[in-house]
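Asker: Here's a structure for you.
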Amino acid sequence: MLGTVLLLLALAEPVSPSPESAASRRAEALKRLLEVFGMEDPPAPPAHVKQPPQYMVDLFNTVANADGVTKNPDILEGNTVRSFLDKAHGEKMRFLFLLSSVAKNEKILTAELHLFRLWPRATNGPKRHHFCQVSIYQVLEKREPEAPGGKKLLAARLVSLQGSGWEVFAITQAVRDWMEDESSNQGLLVTVQGLGGSPLDPPPLQFASGGDHHESKKPMLVLFTDDGRRGASLPVAGFPGGSHLQPQAPVLPAKPAVPRLSRPRSTRSLDRLQPCQRHPLSVDFEEIGWSGWIISPRGYNAYHCKGSCPFPLGENMRPTNHATVQSIINALKLSEGVSSPCCVPDKLYSINLLYFDDDENVVLKQYDDMVAGSCGCH
């Protein structure tokens, strides 16, 4: 993955002066970078300015640091979190979420319905109820949901009538059904009943709807999925930002320098004399042209490894046993064609992107092996 990022930066200023060649190479590099992020084409930026759901922003900030590097690898279930807003505008207690943007190969791990509980309406006289029963049903057929057999109970529990806030209900099996048969997605029905199961009219509890309330309180479906894309290594507790990496903490300049394909011979010679170590490599999404659909981060420091691995290899170069043997064989000229070990990343970390997909849903996705945490001779 890091090789593709390096390819993008290297191709940004090709040696050939031909504009057609430069445009072609840039397009190819961007295409390769999109493949790293599991996409064929970049999502179109939202037609209007949109604020992402606060839940998704908070989740991103919990999982990643300001540069998107994973700081808590144990929070996410899977590597993708998708949010969907209700499309059944105007229908009280009926909700519909369109899942066409979910890839068929994504494994649905957990699905949650998030509803914002409004402050109870003022009533005359003493309050008779402190709790009510909220039930979530999967609508099974295209008819009145109250009809016998037209709905299936997914979740039910007692909800307090005091205060306001978010209520979360697990509806995983319903979403799995919808993914197997898209036409079966007839939405969800929410009912409010008394403690004895009797209907309450008017219901003392109401949830914010998609059309009548602030965007931050809209009903939302949240899916935790896994797309099966895994790197060679998983994040570890010592993510970049720990004390051992603070001297090289990611710093993102406004316009990162773009390396050229050709450099003066003296510079290349100097590189060979420098010991193997980690150097900054900034990836700026605005420079690439992706800032319209990526919410956070605006870029990140991928780092890259550069320098020599001369004989004898010291412990500070973090050599593998194989690299040590190779270095010895190379130094003693015991075999022709054996080069000295290479300076490469020996620890990699994941990053997280928060972005709008083609349907303007907000997605949080984690990508493995995107940041060189340290370098060694291999």
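Asker: Being open to solvent by 20 Å² or more (accessible area, probe 1.4 Å) and hydrophobic (A, V, I, L, M, F, W, C) is the filter here, so list the residues in region 294-307 that pass it.
Answerer: Restricting attention to region 294-307, the residues satisfying the condition of being open to solvent by 20 Å² or more (accessible area, probe 1.4 Å) are 295-296, 298, 304-307.
Within region 294-307, ILE295, CYS305 meet the criteria.
Asker: Going by what's in this entry, would TRP166 be described as over 30 Å from TYR303 (Cβ atoms), at pLDDT 85 or above and surrounded by fewer than 17 Cβ atoms within 10 Å (Cβ to Cβ)? Talk me through it step by step, then tell me what you get.
Answerer: On the way: over 30 Å from TYR303 (Cβ atoms): yes; at pLDDT 85 or above: yes; surrounded by fewer than 17 Cβ atoms within 10 Å (Cβ to Cβ): yes.
Spelling it out, TRP166 is indeed over 30 Å from TYR303 (Cβ atoms), at pLDDT 85 or above and surrounded by fewer than 17 Cβ atoms within 10 Å (Cβ to Cβ).
Asker: Is there a residue being touching a Pro at 6+ places or on another chain (Cβ under 9 Å) and either at pLDDT below 90 or of a type in the set (Asp, Glu) (or both) anywhere in region 32-48?
Answerer: From region 32-48, those touching a Pro at 6+ places or on another chain (Cβ under 9 Å) are 34; that's our starting set.
If we keep only those that are either at pLDDT below 90 or of a type in the set (Asp, Glu) (or both) too, we end up with 34.
Yes; the residues of region 32-48 include at least one that is touching a Pro at 6+ places or on another chain (Cβ under 9 Å) and either at pLDDT below 90 or of a type in the set (Asp, Glu) (or both).
Asker: Hey, another quick one. Would you pick out the residues in region 344-378 that are of a type in the set (Val, Ile, Thr), open to solvent by less than 20 Å² (accessible area, probe 1.4 Å) and more than 30 Å from ALA47 (Cα to Cα)? Outline the logic, then answer.
Answerer: Filtering region 344-378 down to residues of a type in the set (Val, Ile, Thr) leaves 344, 351, 362-363, 371.
Among the residues that remain, those that are also open to solvent by less than 20 Å² (accessible area, probe 1.4 Å) are: 351, 362-363, 371.
VAL371, the sole residue that qualifies.
Asker: Does ASN301 count as in contact with a strand residue (DSSP E or B) (Cβ under 8 Å, 6 or more places away or on another chain) and polar (S, T, N, Q)?
Answerer: Working: in contact with a strand residue (DSSP E or B) (Cβ under 8 Å, 6 or more places away or on another chain): yes; polar (S, T, N, Q): yes.
Spelling it out, ASN301 is indeed in contact with a strand residue (DSSP E or B) (Cβ under 8 Å, 6 or more places away or on another chain) and polar (S, T, N, Q).
Asker: Pairs under 7 Å by beta carbon, first residue closer than 17 Å to LEU115 by Cα in region 48-63, partner open to solvent by 40 Å² or more (accessible area, probe 1.4 Å), six or more apart or different chains?
Answerer: Every condition considered, the pairs that remain are PRO52/ILE295; GLN54/SER216.
Asker: Also, quick follow-up: Taking ILE171 as meeting all but one of (1) at pLDDT below 90; (2) closer than 21 Å to ALA88 by Cβ, write down the number of the exception.
Answerer: With (1) at pLDDT below 90; (2) closer than 21 Å to ALA88 by Cβ applied to ILE171, the lone miss is (1).
Asker: If I ask for residues that are part of a helix (DSSP H, G or I) and either open to solvent by 70 Å² or more (accessible area, probe 1.4 Å) or touching a residue at least 24 places away in the same chain (Cβ under 8 Å) (or both), which ones from region 308-327 would you list?
Answerer: Within region 308-327, GLU315, ASN316, MET317, ASN321, HIS322, ALA323, VAL325, SER327 meet the criteria.
Asker: Still on this structure, I have one more. Can you tell me which of SER16, SER21 is among the hydroxyl-bearing types (Ser, Thr, Tyr) and at pLDDT below 55? Spell out how you get there, then give the answer.
Answerer: Working: SER21 fails: at pLDDT below 55.
Answer to the check: SER16.
Asker: Going by the structure shown, is PRO341 part of a loop (DSSP other than H, G, I, E, B), touching a strand residue (DSSP E or B) at 6+ places or on another chain (Cβ under 9 Å), open to solvent by 20 Å² or more (accessible area, probe 1.4 Å) and not charged (D, E, K, R)? Give the steps one after another, and end with the answer.
Answerer: Numbers: part of a loop (DSSP other than H, G, I, E, B): yes; touching a strand residue (DSSP E or B) at 6+ places or on another chain (Cβ under 9 Å): yes; open to solvent by 20 Å² or more (accessible area, probe 1.4 Å): no; not charged (D, E, K, R): yes.
When the stated conditions are applied, PRO341 does not pass them.
Asker: For the subset of region 67-85 comprising residues that are out of contact with any Pro (no Cβ under 8 Å at 6 or more places or on another chain) and assigned to a loop (DSSP other than H, G, I, E, B), which member is surrounded by the fewest Cβ atoms within 10 Å (Cβ to Cβ)?
Answerer: Taking region 67-85 as the starting set, the residues that turn out to be out of contact with any Pro (no Cβ under 8 Å at 6 or more places or on another chain) are 71-72, 74-82, 84.
Still in the list and also assigned to a loop (DSSP other than H, G, I, E, B): 71-72, 74-79.
Numbers: LYS71: 21, ASN72: 13, ASP74: 9, ILE75: 13, LEU76: 22, GLU77: 12, GLY78: 18, ASN79: 21.
It comes out as ASP74.
Asker: Which residues, taken from region 40-61, are open to solvent by 40 Å² or more (accessible area, probe 1.4 Å) and aliphatic (A, V, I, L, M)?
Answerer: Filtering region 40-61 for residues open to solvent by 40 Å² or more (accessible area, probe 1.4 Å) gives 40-42, 44-45, 47-51, 54-55, 58, 61.
Those that are open to solvent by 40 Å² or more (accessible area, probe 1.4 Å) and aliphatic (A, V, I, L, M): ALA44, ALA47, VAL49.
Asker: With modelled with pLDDT of 90 or more, aliphatic (A, V, I, L, M), open to solvent by less than 40 Å² (accessible area, probe 1.4 Å) and touching a strand residue (DSSP E or B) at 6+ places or on another chain (Cβ under 7 Å) as the only criterion, which of ALA64, ALA88 stands out? Steps first, please.
Answerer: Numbers: ALA88 fails: modelled with pLDDT of 90 or more.
Residue meeting the stated conditions: ALA64.
The values are calculated or read from the model by the stated rules, or taken from the named source; none is laboratory data. The structure presented is a predicted model; accordingly, all values stated were derived computationally and were not measured. Heads up, the Cβs are rebuilt from the backbone with ideal geometry, glycines too, and the neighbour counts pull from every protein chain shown. Accessible surface areas use protein heavy atoms only, side chains included; no ligands, DNA or RNA. Shrake-Rupley method; radii C 1.70, N 1.55, O 1.52, S 1.80 Å.
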